[in-house]
Amino acid sequence: MTLSEACLFGEKRLEGAGVPEAGLNAWLLLEYASGCTRSRYYAYPEELLEEETEREFRGLLEQRCRRVPLQYITGVQEFMGHSFLVNAQVLIPRQDTEILVEEALKYLKPGMRFLDLCTGSGCILLSLLLSCPEALGTGSDISRGALQTAEKNRDRLAPGAVLVESDLFDGIEGVFDMIVSNPPYIRREELPDLMEEVRLYEPVSALDGHEDGLYFYRRIAGESPSYLKPGGRLYLEIGYDQGVTVPQLLKEQGFCEIEVKKDLAGLDRVVKGIYKGN
């Protein structure tokens, strides 16, 4: 099988399984299996695959046909210009979450101490530290598996980050200038309706926001004042339909100057507020 034949075969196989963007997926899996670059592909489309490479490529296609996310197959996902290791223990970083990082970076300064709750792969925590290396960042997660993945990313990207196994604030000490979080926020009744890649493979604990999707926001809004310095900021990623309810939760807990930021699609994506202190 040549490179061009493999790419066409992969596209047809994935199309038959109903995989979105079958052509792009086929190419990325071929690139992963063979190490072939786009430029080499165009220069030598009739180059033959080695038998072992072809077997690997076919095996990767079958995984993708079962709707295993591409990122779990290749083990990486790009976020904020950096490559993060990912696996089934962590939520795959989304481009929408970059809005949260970008907003937090407007406030974060060298020497500030910040906390990333529900850190998962560590993509938010580490991206903030990569952009502001003189800040002091701590990430927490209740999942040991997620933390093991975050530790690998930390060791590659920002060795100074601190990681704590904790149910939100339970294992956290001290106060912070800023708290950020992308907590689980999908309503439990909506979980069965998620696309197969998400529903079947991404960790439910990173998706399930309990009955109304607000469980973790209530806890964070209620507990974060004890961990924020006066004037400290709270930044939260939210679902597209939570741009009214989450700000109200923050207001009830004494936050002020609350704002909602939209993503590139024009949907509510980030809520930020200031805790003035007692």
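The values are calculated or read from the model by the stated rules, or taken from the named source; none is laboratory data. Predicted, not measured: the structure shown is a model, and the values here were computed from it. FYI the Cβ positions are ideal-geometry reconstructions off the backbone, even for glycines, and counts take in every protein chain you see.
Side notes on the structure shown:
- Verdict on G171 being over 30 Å from R13 (Cβ atoms), surrounded by fewer than 22 Cβ atoms within 10 Å (Cβ to Cβ) and either at pLDDT below 95 or in the same structural domain as Y32 (by TED's automatic domain parsing) (or both): yes
- Only residues that are free of Cβ contacts under 8 Å to residues at least 24 places away in the same chain, polar (S, T, N, Q) and within 20 Å of A104 (Cβ to Cβ) were counted in region 240-278, giving 0.
- Test result for E54, surrounded by fewer than 22 Cβ atoms within 10 Å (Cβ to Cβ), at pLDDT 95 or above and outside the structural domain of Y217 (by TED's automatic domain parsing): yes
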